[in-house]
Amino acid sequence: MNRFAVLCALMASPAFADDGYVESNLLSILYHELGHAIIDLAEVPIFGQEEDAADVASVLLIDMLYDEDAAIEIAYEAAFGFLAEAEATSDGPAYWDVHGPDLQRYYNLVCLFAGAEIEARADVADELGLPSERTQSCEEEFELANDSWGPVFDALAQNAPGKSLEYVGEHNTLTEKLISQEVASLNQDFEMPQRLTVVVESCGEANAFYDPNMVRITICSEFEDWLSKSAP
C-alpha cells in the first residue's frame, strides 16, 4: 500500500477524527528526526541551528511526499501540535533550548507550507492566523529552503528504491504500525548513504531523537498517549 493509500485508509476510518492528529504529528516528528539523520549521514552543511534545519526538512517532506489534501491535513495537525506544546509549557518558552519557541515553530511551519503554493494555499495561511506581514515573504522563504534541501533530497532519490531504512520492532500499536509503514514508503523514495534504523520503544517520556553513534531514530512510544491527550 503506497503512502497516499495509507492516508486515505486512515482518513476513511471512523477513528480518524481522534487518531488523525496523532498520526499527522507522528509523521511530522519522524520527518524532523529524518532531517537530523540526513544532515549527519549526507554531511549536509548547516548554517544556523540544526533543529531549525530539521523543522524545515519536515515541512518540505510533507509538501513533497503527499497528495495535496493529505499534505494539508498533516500540515494543519502538525501546526496544532506546536500549539499544544506551547500551551503545555506553563513556565513559558525555554529560550535556552536548542529548539526554537513552539509558537515560532508553528508560524514557520505555516509560512513554509503556504509558501510552497502561495496562491492555492493562501487560505491555509489565513485560517491558521499567519499575519499578512509574514505571508508576503513565505514564497521566497520556501524557495530558499527548497534550494537548500531540494538537491539533498534529489541526491538521495537517485538510487531509490532501496532498503537503507530499517524498522525494528513490533506492529501492534498505532505508532508501530504507522512508523513501520512509513519506513517502507521512505525506502521507495530515498536511498540513504548507509543503513538507518528506526525503532519505536518506551523512553519514559514523550520524545523522539536521532542517535548519530547508533545511526538510529527512536520514536518514543509515550508520544502516542501524549498526543491523544493534547489533541485540540
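The values are calculated or read from the model by the stated rules, or taken from the named source; none is laboratory data. Values in this document were obtained by computation on a predicted structure and should not be read as measured data. Cβ placement follows ideal geometry from the backbone for every residue including glycine, while neighbour counts extend to all protein chains displayed. The accessibility values were calculated without ligands, DNA or RNA, using every heavy atom of the protein model including side chains. Shrake-Rupley method; radii C 1.70, N 1.55, O 1.52, S 1.80 Å.
Brief remarks follow.
- Tensor-based shape of the stretch 147-232 (alpha-carbon gyration tensor, a/c under 1.5 rounded, otherwise prolate or oblate): prolate
- Coarse-grained scattering of the chain at q = 0.09, 0.10, 0.13, 0.15 Å⁻¹, given as base-10 log I(q)/I(0) from a Debye sum over alpha-carbon atoms: -0.34, -0.43, -0.76, -1.05
- Given +1 at the Cβ of Lys and Arg, -1 at the Cβ of Asp and Glu and no other charges, the dipole of the chain around its Cα centre is 620 debye to the nearest 20.
- Value of [θ]222 nm, deg cm²/dmol, for the chain, DSSP H segments ≥ 4, -39500 (n - 2.57) each, nearest 500: -20500 deg cm²/dmol
- Each label was represented as a point 7 Å from its Cα along the Cα-to-Cβ direction; for residue 211 and residue 119 these points are 5.0 nm apart.
- Longest segment of the chain lacking chymotrypsin sites (Phe, Trp or Tyr not before Pro) that sit in a DSSP loop with at most 14 other Cβ atoms within 10 Å: 97-232
- Cα gyration tensor category, rounded, prolate or oblate, for the stretch 22-145 with a/c compared to 1.5: rounded
- Simple label model, 7 Å out from Cα along Cβ direction - residue 229 to residue 87, nm: 1.5
- Taking amide H atoms as placed 1.01 Å from N in the peptide plane, the amide H of residue 165 lies under 5 Å from those of 192, 196, each 5 or more residues away in sequence or on another chain.
- A 1.4 Å probe run over the protein chains yields, for the stretch 92-232, 54 Å² of accessible area per residue, whole-number rounding.
- Cβ-defined net charge surrounding residue 222, 12 Å radius [Lys, Arg +1; Asp, Glu -1]: -3
- Residue range of the chain that is longest and free of trypsin sites (Lys or Arg not before Pro) which are both DSSP loop and sparsely packed (at most 14 other C-beta within 10 Å): 1-162
- Axial C-alpha extent at least 20 Å, average Kyte-Doolittle at least -0.5 - helices from the chain (DSSP): 16-41, 50-65, 68-88, 102-116, 174-189
- Given R0 = 30 Å, the distance between the Cβ atoms of residue 137 and residue 43 translates into a calculated FRET efficiency of 0.50.
- Placing unit charges on the Cβ atoms of the charged side chains and taking the dipole of the chain about its Cα centre, the candidate lying farthest along the positive direction among 169, 80, 60 is 169.
- A crude spin-label estimate for the pair residue 103 and residue 163, with each label 7 Å from Cα along the Cβ direction, gives 5.0 nm.
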